[in-house]
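Sharing a structure here in structure tokens format.
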Amino acid sequence: LASLNSVLCFRYSALLCSYVISDAINIVSVCYVVALLQCMSLCCLFPDLIPPSVCNLLNSSTIYANNEVSLAEVDIYGFDYDYTLALYSDALNTMIYNTARDFLIEHFKYPEGIRKYDYIPNFAARGLHYDIQKGLLMKIDAFHYIQLGTVYRGLNPVPDEEVLRLYGGTHHVPLHQVSGFYGKVSHCGPKVKQFMDIFSIPEMTLLAVANDFFISNDIEYDPEHLYKDVSVSEAIGMVHIKGYMYKWIMQDLEKYILGGDETYAVLHRLVSHGKKLFLITNSPFSFVDKGMRYMVGKDWRDFFDVVIVQADKPHFFNDCVKPFRRLDGNGDLQWDKINSLDKGQIYKQGNLYDFLRLTGWRGSSVLYFGDHLYSDLADLMLRHGWRTGAIVPELDLETKVVNTEQYAQSLTWLQALTGLLERMQMHRDSQSREVLQDWLKEREELRLRTKNLFNPQFGSIFRTCHNPTYFSRRLCRFSDVYMASISCLLNYDLSYTFYPRRTPLQHEAPLWMDQLCTGCMKTPFLEEMAHIR
């Protein structure tokens, strides 16, 4: 094995060992190879054996492609506002949580003891599911299987055996029990809600905290009532409906809004290249106007050909009932019939069918960016053939984790162990089975260690142990491209074509290095693109 150093990557050295093991004449040979692997601690002794597929050059400013997209064919760029044009600091989540928690106590008369629970910044993650009837928060993969070890009742993990018992001896959640296409729960039958919105992170945390209080104090309660009281229809919804969130942000823009200069740079660059821009947001005009003035300047509306506020997405995209209304310069509602969507005007409500009729903007010449896979992107992708770009701020942290040496070593050895297990399982003697059990135990320990690098409770938002998450599958289904923020556009020429990697299927073998290492291309950073400003 030592002679393989600098010649074969770590994965292939492990695979070579697996061939030795599979052809071993007796158990002594097997034990020898196992002992050699353990004693050498290859990941530590031979860091240069980590394969080139595990790359520490992932750039968080990369745009990742699920589908082939040529920017040369895109003439019209559309944007959501919240968590798309405007990114928010973690301080906003704390404010939403604190206000909703206090509302539960003061208006719904929940126990005062809940107030002692402060917001936990890194507890929940986007894309999780919540079993309303059982009061369980969990991560589900693309095949509707619960990832064991990521099921929480309150703030405590639920043992795997209990999860299996609660779900009838399996950890599979049937399709009919999961929330509907837009992430909403049905009015009858089992309810499992998926949280796809970044704004839902404080909601998940408050649900966990309230559950934890009742359980810890042995207080009987109905989990369904708790969900309703906390959810967007009550405590959390109150923060939005009564405008508290808008007020906080407008009073301290510098505290809450991130990346304003980059937003200006993106819009300026697109317009200077002759692109048409439009904005469709659910937020009110006064809120958007103040935020855009802060990020872009008082003339921000000059960048946009059409501005639509309080659009009521996703209904804006899938019904044709609400007509457009015009707002005057003060944001007051006007009564004239809308026969065109004019630059410099502000419109409210409306629907996509009238939007298409009045603008003529159709098909792959339109690229729309948003953060909510269902409300912003799904209908545009499935019904109307627009190009879609998902904004996933979590990519910034996740790529930093993937770039660490600890992650590279853990993942490499995890993959090698899996290969060894696959080949070793044909040996049925007791000593071989004992070796297999040791490897299985080590594999589970590696999985846990790798998960904890992202989030100790739920791991990566993109993967379970080995499968894509439910969130990740929807990301691939509803977005042509995805990125950490719209500022990533600054790293690409506007005639650039995004090509999805031809990653091998299970029955295929990788043929090219770019199949193994996506996102490692060297792209200009913002300081190198300063002339755009």
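Being open to solvent by 20 Å² or more (accessible area, probe 1.4 Å), in contact (Cβ under 8 Å) with a residue 40 or more places away in the chain and touching a Gly at 6+ places or on another chain (Cβ under 8 Å) is the requirement here; does residue 253 meet it? Break it down stepwise before answering.
Numbers: open to solvent by 20 Å² or more (accessible area, probe 1.4 Å): yes; in contact (Cβ under 8 Å) with a residue 40 or more places away in the chain: yes; touching a Gly at 6+ places or on another chain (Cβ under 8 Å): yes.
Against the criterion (open to solvent by 20 Å² or more (accessible area, probe 1.4 Å), in contact (Cβ under 8 Å) with a residue 40 or more places away in the chain and touching a Gly at 6+ places or on another chain (Cβ under 8 Å)), residue 253 qualifies.
Can you tell me which residues in region 146-156 are assigned to a strand (DSSP E or B) and either of a type in the set (D, E, K, R) or buried (at least 17 other Cβ atoms within 10 Å of the Cβ) (or both)?
146, 152, 153 - these are the residues of region 146-156 that are assigned to a strand (DSSP E or B) and either of a type in the set (D, E, K, R) or buried (at least 17 other Cβ atoms within 10 Å of the Cβ) (or both).
To continue, here is another question. Need pairs with beta-carbon distance below 8 Å; first residue β-branched (Val, Ile, Thr) and within region 86-99, second open to solvent by 20 Å² or more (accessible area, probe 1.4 Å); sequence gap 6+ or separate chains.
These pairs meet every condition: 94/119; 94/121; 96/199; 99/244.
Can you name every residue in region 223-232 that is assigned to a helix (DSSP H, G or I) and either without any contact (Cβ under 8 Å) to a residue 12 or more places away in the chain or closer than 16 Å to residue 137 by Cα (or both)?
223, 224, 225, 226, 227, 228, 230
Kindly state which strands (runs of 3 or more DSSP E) lie completely within region 277-353 and contain at least 1 residues that are of a type in the set (S, T, N, Q). It would help to see each step written out before you state the result.
Numbers: elements: 306-309, 324-327, 346-349.
Output list reads 346-349.
I would also like to ask the following. Filter region 257-276 down to the residues that are in a strand (DSSP E or B) and over 15 Å from residue 77 (Cβ atoms) and list them by number.
Pass one, region 257-276, residues in a strand (DSSP E or B): 257-258, 276.
257, 258 - these are the residues of region 257-276 that are in a strand (DSSP E or B) and over 15 Å from residue 77 (Cβ atoms).
Determine whether residue 140 is within 27 Å of residue 451 (Cβ to Cβ), among the β-branched types (Val, Ile, Thr), under 20 Å from the mean Cα position of the chain (by Cα) and open to solvent by less than 10 Å² (accessible area, probe 1.4 Å).
Values: within 27 Å of residue 451 (Cβ to Cβ): yes; among the β-branched types (Val, Ile, Thr): yes; under 20 Å from the mean Cα position of the chain (by Cα): yes; open to solvent by less than 10 Å² (accessible area, probe 1.4 Å): yes.
Judged against the criteria, residue 140 is a match.
Would you confirm whether any residue within region 22-33 is surrounded by 13 or more Cβ atoms within 10 Å (Cβ to Cβ), modelled with pLDDT of 95 or more, of a type outside the set (Phe, Trp, Tyr) and in a loop (DSSP other than H, G, I, E, B)? Break it down into steps so the answer makes sense when it comes.
The first filter runs over region 22-33 and keeps only residues surrounded by 13 or more Cβ atoms within 10 Å (Cβ to Cβ), leaving 22, 24, 27, 29-33.
Now drop any that are not modelled with pLDDT of 95 or more, which leaves none.
No.
Return the residue satisfying two criteria in turn: it lies in region 297-344 and is more than 19 Å from residue 85 (Cα to Cα) and in contact (Cβ under 8 Å) with a residue 60 or more places away in the chain, and of such residues it is surrounded by the most Cβ atoms within 10 Å (Cβ to Cβ).
317
Here is a check on your reading of the model: is residue 347 touching a residue at least 12 places away in the same chain (Cβ under 8 Å), among the aromatic types (Phe, Trp, Tyr) and more than 28 Å from residue 477 (Cα to Cα)? Give the steps one after another, and end with the answer.
Details: touching a residue at least 12 places away in the same chain (Cβ under 8 Å): yes; among the aromatic types (Phe, Trp, Tyr): yes; more than 28 Å from residue 477 (Cα to Cα): yes.
Yes: the conditions hold for residue 347.
Sticking with this one: Kindly list the number of the only condition in (1) aliphatic (A, V, I, L, M); (2) touching a residue at least 40 places away in the same chain (Cβ under 8 Å); (3) touching a strand residue (DSSP E or B) at 6+ places or on another chain (Cβ under 9 Å) that fails for residue 125.
The one condition residue 125 does not meet is (3).
For region 361-370, give me the residue count where each residue is outside any helix (DSSP H, G or I) and either crowded, with 22+ Cβ neighbours inside 10 Å or among the hydroxyl-bearing types (Ser, Thr, Tyr) (or both).
Narrowing region 361-370 to residues outside any helix (DSSP H, G or I): 361-362, 366-370.
Adding the requirement that they be either crowded, with 22+ Cβ neighbours inside 10 Å or among the hydroxyl-bearing types (Ser, Thr, Tyr) (or both) leaves 366-370.
Adding up the residues that qualify gives 5.
Residue-wise test of (1) within 25 Å of the chain's Cα centre (by Cα); (2) among the small types (Gly, Ala, Ser).
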| residue | (1), (2) |
| --- | --- |
| 228 | yes, no |
| 235 | yes, yes |
| 256 | yes, no |
| 261 | yes, no |
| 280 | yes, no |
| 283 | yes, yes |
| 291 | yes, yes |
| 294 | no, no |
| 298 | no, no |
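Scan region 410-432 and give yes if some residue there is within 26 Å of residue 63 (Cα to Cα), out of contact with any Cys (no Cβ under 6 Å at 6 or more places or on another chain) and of a type in the set (A, V, I, L, M, F, W, C), otherwise no.
Looking through region 410-432, at least one residue is within 26 Å of residue 63 (Cα to Cα), out of contact with any Cys (no Cβ under 6 Å at 6 or more places or on another chain) and of a type in the set (A, V, I, L, M, F, W, C).
Also, I was wondering about something else. Would you pick out the residues in region 158-214 that are under 30 Å from residue 370 (Cβ atoms), among the aromatic types (Phe, Trp, Tyr) and either surrounded by fewer than 18 Cβ atoms within 10 Å (Cβ to Cβ) or modelled with pLDDT of 95 or more (or both)?
Matches in region 158-214: 181, 182.
Could you go through region 286-294 and let me know if any residue there is within 30 Å of residue 491 (Cβ to Cβ), touching a residue at least 60 places away in the same chain (Cβ under 8 Å) and surrounded by fewer than 20 Cβ atoms within 10 Å (Cβ to Cβ).
Checked against the condition, which is being within 30 Å of residue 491 (Cβ to Cβ), touching a residue at least 60 places away in the same chain (Cβ under 8 Å) and surrounded by fewer than 20 Cβ atoms within 10 Å (Cβ to Cβ), region 286-294 yields no hits at all.
Name the pairs: first residue in region 199-222 and closer than 16 Å to residue 95 by Cβ, second residue open to solvent by 20 Å² or more (accessible area, probe 1.4 Å) and modelled with pLDDT under 95, Cβ to Cβ under 8 Å, at least 6 apart or on different chains?
Listed pairs, sorted by first residue: 199/240; 203/232.
With respect to residue 77, is the statement that it is surrounded by 21 or more Cβ atoms within 10 Å (Cβ to Cβ), in a loop (DSSP other than H, G, I, E, B) and at pLDDT 95 or above true?
Numbers: surrounded by 21 or more Cβ atoms within 10 Å (Cβ to Cβ): yes; in a loop (DSSP other than H, G, I, E, B): no; at pLDDT 95 or above: yes.
So residue 77 fails the test.
Of the conditions (1) at pLDDT below 85; (2) open to solvent by 50 Å² or more (accessible area, probe 1.4 Å); (3) farther than 26 Å from residue 408 by Cβ, residue 529 clears all except one; give me its number.
(2) is the only condition that residue 529 fails.
To continue, here is another question. Considering (1) modelled with pLDDT of 85 or more; (2) hydroxyl-bearing (Ser, Thr, Tyr); (3) out of contact with any strand residue (DSSP E or B) (no Cβ under 8 Å at 6 or more places or on another chain), say which one residue 503 fails and leave the rest.
Failed condition: (1).
Name the residues in region 95-127 that are within 16 Å of residue 212 (Cβ to Cβ) and touching a Leu at 6+ places or on another chain (Cβ under 9 Å), would you?
Listed by number, the residues that qualify are 97, 100, 101, 104, 110, 114, 117, 119, 120, 123, 124.
The values are calculated or read from the model by the stated rules, or taken from the named source; none is laboratory data. Not measured: the values here are computed from a predicted model. Cβ: placed from backbone, ideal geometry, glycine included. Neighbour counts: every protein chain shown. Remember, those area values only see protein heavy atoms, side chains included, never the ligands or the DNA or RNA. Shrake-Rupley method; radii C 1.70, N 1.55, O 1.52, S 1.80 Å.
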